[in-house]
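Scroll down for the structure; my scribbles are underneath it.
The values are calculated or read from the model by the stated rules, or taken from the named source; none is laboratory data. Note that the coordinates shown come from a computational prediction; the quantities given were computed from them, not determined experimentally. When we count neighbours, we look across all protein chains shown, and the Cβ atoms used for this are built from the backbone with ideal geometry, even at glycine. Remember, those area values only see protein heavy atoms, side chains included, never the ligands or the DNA or RNA. Shrake-Rupley method; radii C 1.70, N 1.55, O 1.52, S 1.80 Å.
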Amino acid sequence: ATRVEVDGGRLAVDDEGAGEAVLFVAGGLIVDSFVPLCAQPDVARGRRLLRPHRRGYGRTALPGPVSITRD
């Protein structure tokens, strides 16, 4: 996983392929929920697939909670 600097530490991002970038944003608790989809040849072909790990999940050990708003 690639590491991206964010407030408070580093965010892990699975970064695969090359081409037009597609960002997958997990809405559930399963970190790797998009892995089967990204393994499909029609999805992966000609695209750069980015799957960030949310705070406190997967390889991102940043503490939470966090909110959508910033002061």
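For Val31, the conditions (1) modelled with pLDDT under 75; (2) in contact with a strand residue (DSSP E or B) (Cβ under 7 Å, 6 or more places away or on another chain) all hold with the exception of (2).
Close Cβ contacts (under 8 Å, 6 or more residues apart or on different chains) running from residues in the stretch 31-58 that are without any contact (Cβ under 8 Å) to a residue 24 or more places away in the chain and under 19 Å from Arg3 (Cβ atoms) to residues that are assigned to a helix (DSSP H, G or I) and open to solvent by 80 Å² or more (accessible area, probe 1.4 Å) are absent.
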